[in-house]
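Notes to accompany the following structure.
The values are calculated or read from the model by the stated rules, or taken from the named source; none is laboratory data. Since the structure is predicted, the reported quantities are computational estimates derived from the model, not experimental observations. All Cβ positions, even for glycine, are placed from backbone atoms using ideal geometry, and neighbour counts span all protein chains on display. For the accessible areas, the whole protein counts, side chains as well, though only heavy atoms, and no ligand, DNA or RNA atoms are used. Shrake-Rupley method; radii C 1.70, N 1.55, O 1.52, S 1.80 Å.
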Amino acid sequence: MSAPTTNVKPRRWFSLSGSELTKSAPLLAAVLTIVLVIVGQIVSPGFGSYGQITSMLRVASFLGFIAIGQTIVILSGGGGIDLSVGKVATFGAIIASKTMDGSNQGLLLGIVIPIAVGAAIGLVNGLGILYMRIPPFVMTLGMMGVVQGLILAYTQGVAGGRSAPALTALVNDRWLFDLPGVLFLWLIATIAITYILRRTSAGWDLYAVGSNREAARLSGVPVNRTILIAYMASGVFAVIGGIMLLGYTETVFLNLADDYMMRSIAAVIIGGTLIVGGSGSYIGSAIGAILLTVLTSFLTTISMPESGRTIVNGLVLIVLLAAYGRQRRLRS
Amino acid sequence: MTGTIEETALQRPWTARFNFRLSSFVTAFLLVAVVIINASVQSTFFTVYSFTSNFATFVPLVFAAIAQAIIILGGGLDLSLGAQVAFISVVALKVMDGQDSRIALGLLTAVAVGALCGAFNGFVVAIIRLQPLIATFATSFVFSGMALVVLPSPGGAVPPALTAGYRMAVGPIPVPAIIVILGGVLWWLVSKTKFTRDLYATGGDREAAFASLVPVTQTLFMSFVVASMFVGLAAFAVLANTGSGDPLVGANMALDSIAAAVLGGIALSGGRGNPLGAIAGALILSISTNILAFMRVPTTWRSLFAGLIIIAALALSVLTTRGDSKK
């Protein structure tokens, strides 16, 4: 391992620059996922079967949708983060469930109304962060409390309704290649988001704002509009994730998607998006979502209790952050 | 929306943009205002009995706010504070096992476990050098998972002498109020040490502090340890107040403590403010919650209002300091 003769300072694998990280982190996450599936198959035969993998991908898709918004918000920089996504997803699912009430007639309204609510919550987040200059994590953490209050006020403590049959069919019924429709939807969303981020001016604006807000402003990028749209997108995609989750569970409960807050941030970080913003990709977050889902599934298979899974999730996040989220050393 | 090119986001941490702080006049004004409003909706506010029961619920947040203030002053942030309260309280509960003779041992345990939690956070933030926001966010899951390992479901009993003593009064002054004052005295003692001088230097300008031979890494590490010892006291107060253990307690405490620190005039960018202000901030928040309860706001609406109050309080701190916030 030692190469004392070289006069070039040896590079440590975790001191990658932003763009290198963006490329290598998703690869690392993908390799880890495959290793985990193989280990799972050895420990418990059937873990790596086609049916099981499809089922894990389906569960990962809910997280994947929520992580779209989280990726966009974190890319927008300035400490951008959305801690309210879990509650917003829950709220979206609750509204959708009540509106649909188990019939396909309510499907359209049951999708449009929650999405509008999600966009409105995101807009308020963005306005608070931009114009009241509240730090994003404080604003969205406060919003968590507000949305929790809205959930309790809206439901009076009892969540009712039921998913529309068409929505449940989208998530649970097998379509092409024995895969559920939601996976195709996720694939389309992944391609569309990647295209928007990489090939449209809206995407470039986002990266510009995230990497250097002042320079972006001076170059004529609409900074405020970009940030507002980022937070609105986060609210919208959180709701979409919540609605897909509703299709899966069919009925709602008051903390349905609350866990997804932590998991969406973890997925984005695992995928190599820099927490300071301006560098990263959605593909990485999507692979991160799959890795997290496979990890949870693996821990459940080896019958680790909930508390242990929480600890492992926290430790995995710390280890991955330590691998590529370190700040530079102080030098005089 | 002015700003110069040399102050680019890349060179400065994002918290540098949040360098405003509430003036102590605004803090004092708010404190007086909420006391008057509370007294007007709760006719028994100035009796010893309600003073005792009010302060009994305030104490945990007061200590949590001092802890958060110390960390923010050093340039960090602690989102794991609530999870620490849960973990520390269930460990102390198990150690005391409901026996009066073990109260002192329980208190020592709470402070020691707090110091360990702080050392873990300090290791991750100061030595591995992760962003405090996201790192303590990750450690919060470790702490809350460990709380569930120690005590899987709410239960257990706190020594009766602890809960009884906590609600007594020495003459007209309730014990919880004395504890709040002791918290202030404890900080005053800490503030006399070299650690505090280094803390302000580190939080104010890390590069300059490093250049002036301030042990920056060590100070940052210690800020988490010292703060989490205060969190240990907060957890102990939670036990004394509730009388039993709950592995899920303290869920809102991280945000509440940050809001209390900001209300108390601590700048989120670090290095400016006084933890004594955070005590006032904690009292303002707690009394606001109290007012909501006495205005007969339905429980279903209460968390909505609590969230709105916190956002409003933070917005206020920005709006009242807009003038000097651009430097």
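When we screen B:PRO159, B:PRO132, B:PRO172 for residues that are open to solvent by 20 Å² or more (accessible area, probe 1.4 Å) and modelled with pLDDT of 85 or more, the only hit is B:PRO132.
Here B:VAL142 fulfils each of the conditions (1) within 24 Å of A:LEU315 (Cα to Cα); (2) away from chain A (no Cβ under 14 Å); (3) in contact with a Leu (Cβ under 8 Å, 6 or more places away or on another chain) apart from (2). Of all the listed residues (A:ALA238, A:ALA266), the sole one being closer than 30 Å to A:VAL39 by Cα and open to solvent by less than 10 Å² (accessible area, probe 1.4 Å) is A:ALA266. In the set (1) at pLDDT 75 or above; (2) closer than 27 Å to B:ALA201 by Cα; (3) of a type in the set (Ser, Thr, Tyr), the condition left unmet by B:SER288 is number (2).
Within the stretch B:82-98, the set of residues being away from chain A (no Cβ under 12 Å) and open to solvent by less than 20 Å² (accessible area, probe 1.4 Å) comprises B:GLN84, B:VAL85, B:ILE88, B:SER89, B:ALA92, B:LEU93, B:MET96.
Within the stretch A:143-168, residues that are on the phi > 0 side of the Ramachandran plot have Cβ atoms under 9 Å from residues that are assigned to a loop (DSSP other than H, G, I, E, B) and aliphatic (A, V, I, L, M) in these pairs: A:GLY157/A:LEU254; A:GLY161/A:VAL252, counting only partners at least 6 apart in sequence or on another chain. Look at the stretch B:78-90: where a residue is without any contact (Cβ under 8 Å) to a residue 60 or more places away in the chain, no partner that is surrounded by 24 or more Cβ atoms within 10 Å (Cβ to Cβ) and acidic (Asp, Glu) sits 6+ places away or on another chain with Cβ atoms under 9 Å.
Residue-wise test of (1) modelled with pLDDT of 90 or more; (2) in contact with a strand residue (DSSP E or B) (Cβ under 9 Å, 6 or more places away or on another chain); (3) within 12 Å of another protein chain (Cβ to nearest Cβ).
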site	(1), (2), (3)
A:MET262	no, no, yes
A:SER279	no, no, yes
A:SER285	yes, no, no
A:THR296	no, no, no
A:GLY314	no, no, yes
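In the stretch A:141-153 there is no residue that is within 19 Å of the chain's Cα centre (by Cα) and either within 30 Å of A:TYR50 (Cα to Cα) or open to solvent by 60 Å² or more (accessible area, probe 1.4 Å) (or both). Return yes or no: is A:LEU246 more than 14 Å from chain B (Cβ to nearest Cβ), of a type outside the set (Val, Ile, Thr) and not in a helix (DSSP H, G or I)? Answer is no for this residue. Among the residues of the stretch B:40-71, what is the count of those that are assigned to a helix (DSSP H, G or I) and open to solvent by 30 Å² or more (accessible area, probe 1.4 Å)? Selection size over the stretch B:40-71: 8. Per the conditions (1) within 14 Å of chain B (Cβ to nearest Cβ); (2) out of contact with any Phe, Trp or Tyr (no Cβ under 9 Å at 6 or more places or on another chain); (3) buried (at least 20 other Cβ atoms within 10 Å of the Cβ), the sole criterion not satisfied by A:ASP258 is (3). Within the stretch A:87-117, the set of residues being at pLDDT below 90, part of a helix (DSSP H, G or I) and in contact with an Asp or Glu (Cβ under 9 Å, 6 or more places away or on another chain) comprises A:SER97, A:GLY110. Can you say whether A:ALA286 is in a loop (DSSP other than H, G, I, E, B) and touching a residue at least 40 places away in the same chain (Cβ under 8 Å), as far as the supplied structure shows? Considered against the rule, which asks whether it is in a loop (DSSP other than H, G, I, E, B) and touching a residue at least 40 places away in the same chain (Cβ under 8 Å), A:ALA286 comes out as no. Return yes when B:PHE143 is open to solvent by less than 20 Å² (accessible area, probe 1.4 Å), in contact with a Cys (Cβ under 7 Å, 6 or more places away or on another chain), under 30 Å from B:ARG272 (Cα atoms) and assigned to a helix (DSSP H, G or I) and no when it is not. When the stated conditions are applied, B:PHE143 passes them. Scanning the stretch A:118-138 for residues being surrounded by fewer than 18 Cβ atoms within 10 Å (Cβ to Cβ), within 23 Å of the chain's Cα centre (by Cα) and either modelled with pLDDT under 85 or not hydrophobic (A, V, I, L, M, F, W, C) (or both) gives a total of 0.
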